[in-house]
Amino acid sequence: MLEMGSMRKAAAMARPVIATPMVLWLALAAAACRDGGGKGDEAGESGSASTGGSGSATDTAADSTTGDVPPEQDTIARVGMRRLTRYEFDNVVRDILLDDSRPAAQLLPEDPRTPFDNDYTLQVVSQPLVDGIEVLAKEAAERLLADTDKRDTVVGCQPSGADDETCMRDFVTRFGRLALRRPLEAAEVDDFTALALDYAGQGEDFYVGVEVVIRAMLQDAEFVYRIELGTPVEDQPGVFALSRYELASRMSFFLLGTTPDAALLDAAEAGELDTADGVRARAQMLLTDPRAHEHVDRFHSLWLGYAELPHPQDLTNAMRTETAALVERVVFEDKASWLELFTATETYIDALLAEQYGLPAPADGAAWVPYGDTGRMGILSHGSFLSVAANVGDTSPTKRGKFIREQLMCQPIPPPPPNVMADNGPDPGAAECKVDRYQVHAVASCAGCHDQMDPIGFGLENYDRAGQFRTHDIDNEACVIDGEGEISGVGTFNGPAELSQLLIDNDLLDGCVTQQSYRFALGRELTADDAAFVATLDEDFAAADTRFDELLIAVVSNPAFAYRREDG
Amino acid sequence: MRRVRLPRRTFLRGLGGAMVGLPLLDAMLDDHGVALAGGGALPSRFVLLFGGLALGCDSGPQPNNVVPAATGANYPLGAGIAPFGDYEDVRQQISVVSGLSIPCQPVFGDPIPPGGRGINFHAHTNPIFTGTANLMPAPLESHDYRVTNWSSDQLVADAIAGDTTFKSLQYRAQALLYNSGVGPYYRDLMSWRLDDQGQPVPLYPVASPRQAYDTLFLGFVPDDPVEAAKKAFELKKRRSVLDLVDRRMSGMLDRLGSNDKIKLEQHYDAIRNIENLLDNLPPEPEGACMMLEDPGDDPPLGGAFTGDDPNAYDVNAGYSGEETRIRVLTDLLHMALVCDLTRVATFMHTMIQSFMNVAQITGHQYAMHDMSHGGQTVQYNDVIAWHMNHFAYFVAKLRDTPEGTGSLLDNCAVVYMMEAGGGYGYESGAPWAVHSTDNMCWFVAGGAGGLVQGQHIVAPANADHTANVLISAMRAVGVDSDLGDVSGHIPALFG
């Protein structure tokens, strides 16, 4: 099958007819369909330029990152205040309170998916959210105090009595730094300590004081939101240099999906994040953390839509395990090109999935099984990927094609005109065979967009919505599926292996994953203003042999990552 | 803009007297039990319930058995509304209004009729709740059918809430969207108030029964003095913690850029709301107003669910114990009305375009939305009946609660709203579609303002807007007003 060398970007290879993916994504959808009929609207993007700061930062400049290389102006991203997602909230509770009960998933409203769950422009404040956080804070504090081992670890000192001010102050200082992700100022320590000692006295129990501190901290604006104040940059209105701690938070939430731990805050405090090299070194360390591995898996599952699957639990679990194993192997074990996700010639499956795919079952449990000449290769052959973007009861070639265009190729397709019901495929009565029914899209008003989607989906039509191979339409042997597909303007293919190769040969994947990663890092859709940063990422990614870990490091160690442009 | 901090109430609960609402005790009624001793009438209550997805009525080739085959009293009960025969024939208290519609633009791009919707099903939130026409989205492909007006419950709350603890309540039984890949269209909301500038502001419903319980009975003092002291100490702690959170947040506001500041101000306002509630505790239950049994932890939340294949199905996904949630919330809502903690409420049973998995409640292994598309009309009756059973239970409970010389139901106007009807598919061009706002039917219960009970009333085919039902219910509680673009009540609802 595929030689490793062919995955490398071939500089001499002609670019596809379509312009670079990024330009299309950033220019929105108009160019994606010949006949699109208007631009799509990126949710939450006003498109208006920043109006500049109004002296909002009061931090001293002493602790801000100076950076050894000043960033290019046009690479500094607009970033607003971000609320912890439910997922992040639970991770932080786990990490600072040693509490893995994941209460936010039960108590807080859902985060909208874009497909990522961290788009701050879509986050709304509601009374149930704020009520839920209050309950969560109370119960998390109660759970901690009920477990004396954990309690003692988190509190960090043994009080001599309810009124032990030294121990309380010590706890407030240390816990406050973890909760608010920066050292507390003396007045703040006084405030929290005073409240704590008041209640320790009233309750005649030191730990009642601890309880109120935890409850107040978990509801604090700076806990619930990632607020980046930074220091205004001279002569650049609306631009702020992040503090060292704010940069540490950005790194930690992007790489680990959680709050910076004490070691990272120490490193920030010691000035280790003041240079790009320092950031790079620290990022490399963070990527050895199991939480980073989990987060990279989660990034892919959100991006490619398989975070939840519509199958029985055992099948869902087997599919998630399969894909997670491949991501782990490519990104962390082999530290190979990220494109090997798409070219893997074997897959990690158990007997259940082996039967699903028609592959030999491993002798025992799950193991790597070669695909052989089945036409499968890489992640696009996984049940996880093949389960997404389906219709009621069957695959949807249109939705699959749209999904691949938009998510994998970063070429947005405008939403269907409002008079089209996209819930179902074409009228089942229109023709006997599915491929013929989709001819309804051949008319001029539809074809402009559908030609960009349907032929991609039909190239995967031999694989049903649970990743099983099939030779004909559901319940109709007369309708043989030929599996011929095409990426319009790029080339033809048949099945997931050939599709993957076509995408790679035409450089369609690597220019998109950089955008998706940056989108995840910023917590919002990209706009034309982000093009310069993405261009540097593309260069860094190529220079690093398209390794995904290096891409993540390139994001955080870019000088512009330590700056913020005010949002509105 | 700097916020003005409201002064804290320094008096204790009980010393505040008229500042807090109190349950209607017999001592407060006049000798006849039909009015307050002071001469005022018993308060009217206004409650809207909502069932999502194509909980439609029938006019097409696949009848849902929702619209009764005969008009008038003792109307026959098809499968969809069979539960009306239960609860000692609660049908006698429920009127059916069929033949309603929300007008739709005939062709995409045409003007949208007053109170009407654009061609994009599931996006008629604005006409259905506010009686106001969708604006044409700009750009058209954005599908941005935003809500532009206030909903009827908020209009009513402004008029009749009085000094109740909760000006209005919003509950929701369906815990999650279950399919967040589908455009929101405000699928999870049904109440909007107007802010100082006249702009609509959504009121997010409480979806946690336990949280709803805690809030409703906040003022309850346990009999056991030790427990009572514990509760008092806990309330004090909450106040102190929130006070610190409030002070710090308020200090942060001026350090933020404008967009961030708006967001944090909203958060700050929500913190202030909790503080205000703690400073004005809801009254302790007395008499018929009772503290209900603690519902305990909420049923666990189920994951997203988009599948429909009976052979590939996880019955636990897409479902979060809604059967338990809806019952607890119904009981809480009932008690909130008994206690006069609120006079206005909305309760969303299931969301617009609901993807709730109905396997555990009906035995059919489907998400509601997918099922409605799947030609499962007969089985879908079970889904409709599930909603109707919880509606019937609520109405019966109001009926069986004495108030004055009559029942609580006598002083209520309750409307059950359904998302869809059944008829011409403006989106598909099909002569009959489940996703249609033609031939809708809604249900009205209660005796407020002389509402008739137990009748099947047929509106002249598709001439009456669903908002005419809301306007009738508004009129029943003494609020004579148009709703959005729509005016006029349905006279037959008043006999």
Candidates A:ASP529, A:ASP505, A:ASP545, filtered to the one that is at positive phi and either crowded, with 23+ Cβ neighbours inside 10 Å or not polar (S, T, N, Q) (or both): A:ASP545
Hits in the range B:408-423 (condition: open to solvent by 10 Å² or more (accessible area, probe 1.4 Å) and touching a Leu at 6+ places or on another chain (Cβ under 7 Å)): B:ASN411
Of residues in the range B:379-406 being free of Cβ contacts under 8 Å to residues at least 40 places away in the same chain and of a type outside the set (D, E, K, R), the one most open to solvent (accessible area, probe 1.4 Å): B:GLN379
Subset of the range B:253-267 (residues that are assigned to a helix (DSSP H, G or I) and either open to solvent by 10 Å² or more (accessible area, probe 1.4 Å) or not hydrophobic (A, V, I, L, M, F, W, C) (or both)): B:SER258, B:ASN259, B:ASP260, B:LYS261, B:ILE262, B:LYS263, B:GLU265, B:GLN266, B:HIS267
Breaking point among (1) modelled with pLDDT of 95 or more; (2) open to solvent by 20 Å² or more (accessible area, probe 1.4 Å), for A:ASN476: (1)
Residue among B:VAL444, B:VAL479, B:VAL452 that alone is of a type in the set (Val, Ile, Thr), under 21 Å from B:MET388 (Cα atoms) and open to solvent by 10 Å² or more (accessible area, probe 1.4 Å): B:VAL452
Unmet requirement for B:GLY162, which otherwise passes all of (1) in contact (Cβ under 8 Å) with a residue 60 or more places away in the chain; (2) in contact with a Phe, Trp or Tyr (Cβ under 9 Å, 6 or more places away or on another chain); (3) closer than 25 Å to B:THR342 by Cβ; (4) open to solvent by 50 Å² or more (accessible area, probe 1.4 Å): (2)
Wholly within the range A:340-447, helices (runs of 4 or more DSSP H) carrying at least 1 residues that are touching a residue at least 60 places away in the same chain (Cβ under 8 Å) and under 30 Å from A:ARG298 (Cα atoms): A:340-343, A:351-357, A:383-386, A:397-403
Count - residues of the range A:508-526 that are in a loop (DSSP other than H, G, I, E, B), out of contact with any Pro (no Cβ under 8 Å at 6 or more places or on another chain) and either among the small types (Gly, Ala, Ser) or open to solvent by less than 10 Å² (accessible area, probe 1.4 Å) (or both): 4
Identity of the residue in the range A:71-82, open to solvent by 20 Å² or more (accessible area, probe 1.4 Å) and outside any loop (DSSP other than H, G, I, E, B), that ends up nearest to the other protein chains (Cβ to nearest Cβ): A:ARG78
Condition broken by B:LYS231, with the remaining ones in (1) free of Cβ contacts under 8 Å to residues at least 24 places away in the same chain; (2) within 32 Å of the chain's Cα centre (by Cα); (3) within 27 Å of A:GLU110 (Cβ to Cβ) satisfied: (3)
Filter pass, A:ALA194 being out of contact with any strand residue (DSSP E or B) (no Cβ under 9 Å at 6 or more places or on another chain), within 11 Å of chain B (Cβ to nearest Cβ) and either surrounded by fewer than 18 Cβ atoms within 10 Å (Cβ to Cβ) or in a loop (DSSP other than H, G, I, E, B) (or both): yes
Hits in the range A:363-400 (condition: more than 14 Å from chain B (Cβ to nearest Cβ), closer than 17 Å to A:ASP473 by Cα and either open to solvent by less than 10 Å² (accessible area, probe 1.4 Å) or of a type in the set (A, V, I, L, M) (or both)): A:PRO397
Single residue of the range A:240-259 satisfying the filter (open to solvent by 10 Å² or more (accessible area, probe 1.4 Å) and among the aromatic types (Phe, Trp, Tyr)) that is nearest to the other protein chains (Cβ to nearest Cβ): A:TYR245
Residue list for the range B:209-224, restricted to those being more than 17 Å from B:GLU286 (Cα to Cα) and modelled with pLDDT of 95 or more: B:PRO209, B:ALA212
Per-region count, the range A:115-134, residues open to solvent by 30 Å² or more (accessible area, probe 1.4 Å) and over 17 Å from B:ASP188 (Cβ atoms): 1
Within the range A:213-313, helices (runs of 4 or more DSSP H) holding 3 or more residues that are touching a residue at least 40 places away in the same chain (Cβ under 8 Å) and of a type in the set (A, V, I, L, M, F, W, C): A:244-256, A:276-286, A:290-303
Odd one out for B:TYR426, checked against (1) on the phi > 0 side of the Ramachandran plot; (2) open to solvent by 20 Å² or more (accessible area, probe 1.4 Å): (1)
Which listed residue is surrounded by fewer than 22 Cβ atoms within 10 Å (Cβ to Cβ), within 28 Å of A:GLY358 (Cα to Cα) and not polar (S, T, N, Q), from A:PRO455, A:PRO496: A:PRO455
Filter result (open to solvent by less than 20 Å² (accessible area, probe 1.4 Å), more than 10 Å from chain A (Cβ to nearest Cβ) and outside any helix (DSSP H, G or I)) within the range B:189-243: B:MET190, B:SER191, B:TRP192, B:PHE217, B:LEU218, B:GLY219
Evaluation of A:PRO360 against (1) at pLDDT below 95; (2) open to solvent by 50 Å² or more (accessible area, probe 1.4 Å) (one fails), failing number: (1)
Top-ranked residue in the range B:420-458 [being more than 13 Å from chain A (Cβ to nearest Cβ) and among the aromatic types (Phe, Trp, Tyr); ranked as farthest from B:ALA123 (Cα to Cα)]: B:PHE443
Condition met for B:ALA270 (at pLDDT below 95 and either open to solvent by 10 Å² or more (accessible area, probe 1.4 Å) or facing chain A (nearest Cβ under 8 Å) (or both)): no
Whichever residue in the range A:321-355 is open to solvent by less than 20 Å² (accessible area, probe 1.4 Å) and not hydrophobic (A, V, I, L, M, F, W, C) and, among such residues, is farthest from A:TYR306 (Cα to Cα): A:SER337
Residue list for the range A:197-239, filter: at the interface with another protein chain (Cβ under 9 Å from one of its Cβ atoms) and hydroxyl-bearing (Ser, Thr, Tyr): A:TYR199, A:TYR225
Filtered residue count, the range A:87-132, keeping only those that are more than 10 Å from chain B (Cβ to nearest Cβ), among the charged types (D, E, K, R) and outside any helix (DSSP H, G or I): 4
Selection status of A:LEU503, in contact (Cβ under 8 Å) with a residue 60 or more places away in the chain, closer than 26 Å to A:PRO370 by Cβ and either within 14 Å of chain B (Cβ to nearest Cβ) or touching a Pro at 6+ places or on another chain (Cβ under 7 Å) (or both): no
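The values are calculated or read from the model by the stated rules, or taken from the named source; none is laboratory data. Just so we're clear, the structure is a prediction, and the values are computed from it rather than from any experiment. Reconstructed Cβ throughout: ideal geometry from the backbone, glycine too, with neighbour counts over all protein chains shown. The area values use the complete protein model at the heavy-atom level, side chains included, leaving out ligands, DNA and RNA. Shrake-Rupley method; radii C 1.70, N 1.55, O 1.52, S 1.80 Å.
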